[in-house]
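Peer 1: Take this structure first; my questions come after.
The values are calculated or read from the model by the stated rules, or taken from the named source; none is laboratory data. Computed from a predicted model, the values in this text were never measured in an experiment. Cβ atoms come from the backbone with ideal geometry, glycine included; neighbour counts cover every protein chain shown.
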Amino acid sequence: MQALYDVPAPAKLNLFLHVVGKRPDGYHLLQSIFALIDWADTLHFERRGDGLLQRHDQGDALPADDLCLRAARALQQQSGCTLGADIHIEKRLPAGAGMGGGSSDAASTLLALNRLWGLNWPLSRLLPLGLSLGADVPFFLGGSHAFVEGIGEILHPIELPEMSFAVVKPAASIPTQKIFSSPLLARSNSVAIVAGFPAHNSSDDKTKKLALSEDAGALTSAVSLDSEGVKKLLNGFGRNDLQKPAEDFCPEVVQALELLESRFGNSRMTGSGSAVFARVDASERTPENTHEYGKDGIDYRKKNQLISGLPTHWSGRICRSLNRHPLQGWAEKD
């Protein structure tokens, strides 16, 4: 195999994000649901025989030693591989959004080079390497939506209904350190209780239905993540504990949240960046035009009209959730 072209690196949304503790080393302990969406970067890989790793940016210039190159170098060093690669990146995901763009690029790089170089590492060997690069990288290696704990390394694969989201990224970005050092950073009083999952057990790789409760003593009030449950999740259960510090630091986040709230009746920040999102309900449809709609009922012929008129230098689009990562299965489970 000499090359792999059109390798996707999809983004994620945090349907909620709770800060539930802090480790002695300063890393915050989180709980979240990560949902894969179809807004993605595209990468191309060409094998080199001289061992060199070179990145070629097809768009805005990336940092000289970005997470993608670091992932390639780490895999090369850990495996002892003498091959190299030319890595071409079509960057479509906005930087500083909190959507995991850099982590997703790194995960897709590990999966692609594992195949291109003929290493055939199983997922169990790639996951710790991914974690050494960043807390979100294991999620993108895992291949499915997940209930996430720890600093991002404890993954419980879950099922979610097909959904659509309006996602908006203001021009401004927010330094993650500013968020986590803010006096406005909230800490959830109680962890989410997850029906069907043992506490802190990531060994079960079966995709399950999920039910949540914020109150450890009230499992009867759990929110199941079917279509109605997701609506409840985004209109009541949970929150993003990083949102208030972000609003204080960046007025554009407030503006974006208000814009989506006015158009879709819900809004929330994702991750620790400045991007915000809203769940989009089905558009009106008739028997004559049903075939033009996705399974979620959104009219994809007119989808971008739903977030038209954004301020200059903002970006946004209507995104669909992904049932599975497009590269799921590129590394075997053992």
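Peer 1: Being within 22 Å of the chain's Cα centre (by Cα), surrounded by fewer than 20 Cβ atoms within 10 Å (Cβ to Cβ) and among the aliphatic types (A, V, I, L, M): is that true of Val19 here?
Peer 2: Yes.
Peer 1: Among the residues that make up segment 93-101, is at least one of them surrounded by fewer than 17 Cβ atoms within 10 Å (Cβ to Cβ) and not basic (Lys, Arg)?
Peer 2: Within segment 93-101, one or more residues are surrounded by fewer than 17 Cβ atoms within 10 Å (Cβ to Cβ) and not basic (Lys, Arg).
Peer 1: Oh, and also: (1) surrounded by 19 or more Cβ atoms within 10 Å (Cβ to Cβ); (2) modelled with pLDDT of 90 or more: which one isn't true of Gln328, the others all being true?
Peer 2: Of (1) surrounded by 19 or more Cβ atoms within 10 Å (Cβ to Cβ); (2) modelled with pLDDT of 90 or more, only one is false for Gln328: (1).
Peer 1: Next up: Being touching a strand residue (DSSP E or B) at 6+ places or on another chain (Cβ under 8 Å), part of a loop (DSSP other than H, G, I, E, B) and under 18 Å from Leu36 (Cβ atoms) is the requirement here; does Pro138 meet it?
Peer 2: When the stated conditions are applied, Pro138 does not pass them.
Peer 1: Between Leu113, Leu129, which is surrounded by 24 or more Cβ atoms within 10 Å (Cβ to Cβ) and in a helix (DSSP H, G or I)?
Peer 2: Leu113
Peer 1: Got at least one residue in segment 238-249 being modelled with pLDDT under 80, outside the structural domain of Val20 (by TED's automatic domain parsing), buried (at least 19 other Cβ atoms within 10 Å of the Cβ) and not β-branched (Val, Ile, Thr)?
Peer 2: Yes: one or more hits.
Peer 1: Can you pull out the residues in segment 221-237 that are more than 20 Å from the chain's Cα centre (by Cα), surrounded by 17 or more Cβ atoms within 10 Å (Cβ to Cβ) and farther than 16 Å from Ala146 by Cα?
Peer 2: Hit for segment 221-237 is Ala222, nothing else.
Peer 1: Which one of these is at pLDDT 95 or above, surrounded by fewer than 17 Cβ atoms within 10 Å (Cβ to Cβ) and among the hydroxyl-bearing types (Ser, Thr, Tyr): Ser79, Ser104?
Peer 2: Ser79
Peer 1: What residue, among those in segment 41-68 that are under 21 Å from the mean Cα position of the chain (by Cα) and in contact (Cβ under 8 Å) with a residue 40 or more places away in the chain, is farthest from Asp6 (Cα to Cα)?
Peer 2: Applying the filter and picking the extreme gives Leu67.
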